[in-house]
1. Would you mind stating whether residue A:264 is at negative phi, in a loop (DSSP other than H, G, I, E, B) and surrounded by 15 or more Cβ atoms within 10 Å (Cβ to Cβ)?
2. With the requirement that a residue be within 6 Å of RNA strand B (Cβ to nearest atom) and small (Gly, Ala, Ser), what does the range A:572-595 give you?
3. Only one of (1) surrounded by fewer than 22 Cβ atoms within 10 Å (Cβ to Cβ); (2) closer than 30 Å to residue A:700 by Cα; (3) touching a Lys or Arg at 6+ places or on another chain (Cβ under 9 Å) is not met by residue A:732, so which one is it?
4. For the range A:764-867, which strands (runs of 3 or more DSSP E) that fit wholly inside it have 1 or more residues that are touching a residue at least 12 places away in the same chain (Cβ under 8 Å), over 19 Å from residue A:882 (Cα atoms) and away from RNA strand B (no atom under 16 Å from the Cβ)?
5. Residue A:815: of a type outside the set (A, V, I, L, M, F, W, C), in contact with a Phe, Trp or Tyr (Cβ under 6 Å, 6 or more places away or on another chain) and closer than 18 Å to residue A:755 by Cα, yes or no?
6. Which one of these is closer than 29 Å to residue A:11 by Cβ and of a type in the set (Gly, Ala, Ser): A:743, A:712?
7. From A:387, A:373, grab the single residue that is more than 16 Å from RNA strand B (Cβ to nearest atom), touching a residue at least 60 places away in the same chain (Cβ under 8 Å) and more than 30 Å from residue A:439 (Cβ to Cβ).
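The values are calculated or read from the model by the stated rules, or taken from the named source; none is laboratory data. Predicted, not measured: the structure shown is a model, and the values here were computed from it. Cβ placement follows ideal geometry from the backbone for every residue including glycine, while neighbour counts extend to all protein chains displayed.
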Amino acid sequence: MPKAYDHHEAEEQLYEWWESRGYFKPETQARLGQTRADAEPFVISMPPPNVTGALHVGHALTNSVEDMLIRYNRMLGKPTLWVPGTDHAGIATQNVVERKLDEQGTSRHALGRAAFVSTVWDWKDEYHTRISAQQKRMGISCDWSRERFTLDDGLSEAVLEAFIRLYNDGLIYRGNYLVNWCPRCGSAISDLEVEYEEVEGKLYTFRYPLAEGGYIEVSTTRPETILGDSAVAVHPDDPRYTALIGKTALVPMLNREIPVIADPYVDPEFGTGALKVTPGHDPNDYEIGKRHHLPMINIMNNDATLNEEAGDYAGFDRFEARRKLWADMQDAGLVVGEKAHAHQVGHCQRCNTVVEPLLREQWWMRTKELAAPAIEAVRTGAIEIIPKRFERTYFHWMENIRDWCISRQLWWGHRIPIWYGPDGHAFAARSESDAQEQAIAHYGESVHLEQDPDVLDTWFSSGLWPYSTLGWPEATEDLETFYPTTVLETGYDILFFWVARMVMLGMRFTGEVPFRKVYLHGLVRVEDGRKMSKSLGNALDPLDLIRDYGADAMRFSLLTAGTPGNDLKLSPARIEANRNFANKIWNAARFVILNLEDADLDVTRGPDPFDDSYQLPPLAELTLADRWILARLQAVSAEATRLIDNWQIGEAGRQLYEFVWNEFCDWYIEAAKVSLYEGTPAAAQSTRHVLAYVLENSLRLLHPFMPFVTEAIWQNLPQLPSADRALIISRWPQPTGQEDSQAVEDFTRIQEIVHGVRNVRAEYGVEPAKRIPVAIAGAEFSATLTAQLPLLASLARLDAQSTTIETDLAAPEKSVTVTTAGISVYLPLAGLVDLAAERARLQKELDNLNNMLARSRGLLDNEGFVNKAPANVIERERAKIEELVEKEQQLRVRIQEI
RNA sequence: GGGCGAAUAGCUCAGUUGGUUAGAGCACCUCGCUUACACCGAGGGGGUCAGGGGUUCGAGUCCCUUUUCGCCCACCA
């Protein structure tokens, strides 16, 4: 094994090996006897990345969390399936390809529909390949044989089935309503795809001329919409305007006659208290228009130029028209003024163009009926959202849900399976010939049919993902075995877009929840807290990170950087630290393996072929350190398991880090050297077993977090796992429940002494290499200390030969004292000791001690505490006082002596 | 206008049924190339846990409130 862990060498090779052995497939698990017959399968549907481009760190986070969960559950012996796939991402992908065409001086319209779609498929192939390669570099253990794409045949079949069922059930309908229109995309978009940003705009105030003379002052933020006005509205109780209700106003520049109406929607306090009503271009006005049966005038073309309804302004872009109309109104003496006005303006999520509300015929999904069971599922706990607070957000959205505009005027996506007859009659069908059959039945003869040119919102197909990927609508074995899935893991930013829709559609089509848990992670941000984005140039590329630090380091960083549902910041420094951690594990393993080489370790494995974990043989001569690390391993593995089961994945990782680095490496390995090099052969052999055992278990515990380095080490372990046993399919350590509090207590005492001596040595500038004699008054611990003298001597660099340990002994002259409860360690540092300074040092310690003592005594003197605190807390406080008192006396005596 | 989150060491963050003297990484200071590791080891400095109030024997943790920052939802022209 080389001195430093080289992730380049290990990672790609291991991944290929895992995959070639079929370890990512539940069938392999079953064939190898790795699953319990009665175990519930553990299933995750991977959120399919968009085929728009390369993966970013957000995907790396998703992958890290899901792979962690998958590997953990695989190690628990559950049949484990992770279904990968990609999303065609309708509007987003169409846009990137259109941008590319634009750079090449052409356009989708020049190509035509068929050629354009074929170009997008080429793009898809290229990026799909790239994405899969990236995912493999991250080490994700998903079942590639089950990989799906939202536009592949099976999923398209699912989309047809879903659409037709909903259509036949009356849950999909067509209608001419106000939609969010993106003039650049040339398509309607759903409410969710509109992003509102505060814009520094203007509030324009002008005079609305009345037919009988005079005028009403009205304000607007979008003067061009004046051309589409159908009324002027005032509040029915507004005394300023009651006389005008029922009069006729004239649309500026057009002189079209419109009524002055009364509607309670108008806020008399805002602006002039009179409102221009444009039902064709504003959602509120649309409602008013419906109430008053006003004409719905559409003044805009699909590209946001004005149409013939706009009179002389036809042909102008909406913003040009705004300027021009306003200037003309100014000339006509209609302008009162304009002032700065910040307001929310909707922008297209995909291209950031200002969205225009306008009337267009679209397909809609009736959602209220679908939402009810989806709300119920979370309410009853059939689905649990983690963290819980997002359930509130979910309920709020679901309870106020509005119908979903599902048609898009795009070419890339699932074409709407509707064919129209010559009279416009619609037939929902799986194919043109099916439609024709229906047409013949309807018309009594074969007719010319036109398929609806639009495609479905991309979220329609991903909304079916958990079961469409398992074969639905066919009753496949996969569907039977692996549905409902277990966990849906994704970022909280797509709770509505995706999660909510999956629940609604899943319950509708399968009658079951699509997943039992929803685990939401936060968004990855850059160190300064800004969003990571390509355009800002601050995005970290996962492949760069993997190249520089290794996939393990990146994954561990992502997993331990934050907490569920909260955004996390990622810095290269942190990843570097975790690269170092991988190296630390590697070197700890190197030490263990080096020391096992010549030893004939008789390793026994569990009798159950299902669990081939290392069975520690009965060991006669376990050292104190051996017992301590075994107790700590036990405690940490129980705690890590508990944390993971409570979704505290990051905390579990951090605890394992601390254990491996601070306890196993910094203390145990150092202690083991004493046993290995100076102990009896039996003790040395015991220590070898313990080293191997703790290493092996640490690798198991860390594997879901750092799969590569742990497997790389595992494959280097001599005589440990049998050659065909990979760590990836080994068992998660089962807590033994065995504690050894005596060992923990005794070893902690040793640590305290070592720490104290090292501190004094550093403070007094004792040469690091110099071995110094000490005198120890060890009270009732003398026997233990005597037994552990070689350990103490090694860790604190004591001169064991010249060290004396007695129950009680007088401090040598000119010595420095290290105290721990009951034990005084005297370091006769002749020539270095300044007694005055030593007295001051000890006095400081004593003062500190007295503070703590006062606090503890205060607690125990408090009746409330003694009566109400739990027994173990009181007991702990009592024990602490005992120790403090002992230490306090030792210190006081010593100070007096000096 | 509602809702949510964050505020803890110079920086980035942990600290989940309230209970030892509040932790880690990075940065900083002092030592040290001791046969696993300088991608390292040993020692050290650094925090009135945003402010105020409350509940409690006990609050970083629970409640109220204020301030600052961020996010989500919402039809005010």
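1. Judged against the criteria, residue A:264 is not a match.
2. Result: A:573, A:577, A:588.
3. Single failed check for residue A:732: (1).
4. Per the criteria, A:775-777, A:804-806, A:823-827.
5. Yes.
6. Answer to the selection: A:712.
7. Going through A:387, A:373 in turn, just one is more than 16 Å from RNA strand B (Cβ to nearest atom), touching a residue at least 60 places away in the same chain (Cβ under 8 Å) and more than 30 Å from residue A:439 (Cβ to Cβ): A:373.
For every residue, the table says whether it meets (1) in a helix (DSSP H, G or I); (2) closer than 16 Å to residue A:457 by Cβ.
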{"residue": "A:357", "(1), (2)": "no, no"}
{"residue": "A:360", "(1), (2)": "no, yes"}
{"residue": "A:363", "(1), (2)": "no, yes"}
{"residue": "A:370", "(1), (2)": "yes, yes"}
{"residue": "A:373", "(1), (2)": "yes, no"}
{"residue": "A:391", "(1), (2)": "yes, no"}
{"residue": "A:395", "(1), (2)": "yes, no"}
{"residue": "A:398", "(1), (2)": "yes, no"}
{"residue": "A:401", "(1), (2)": "no, yes"}
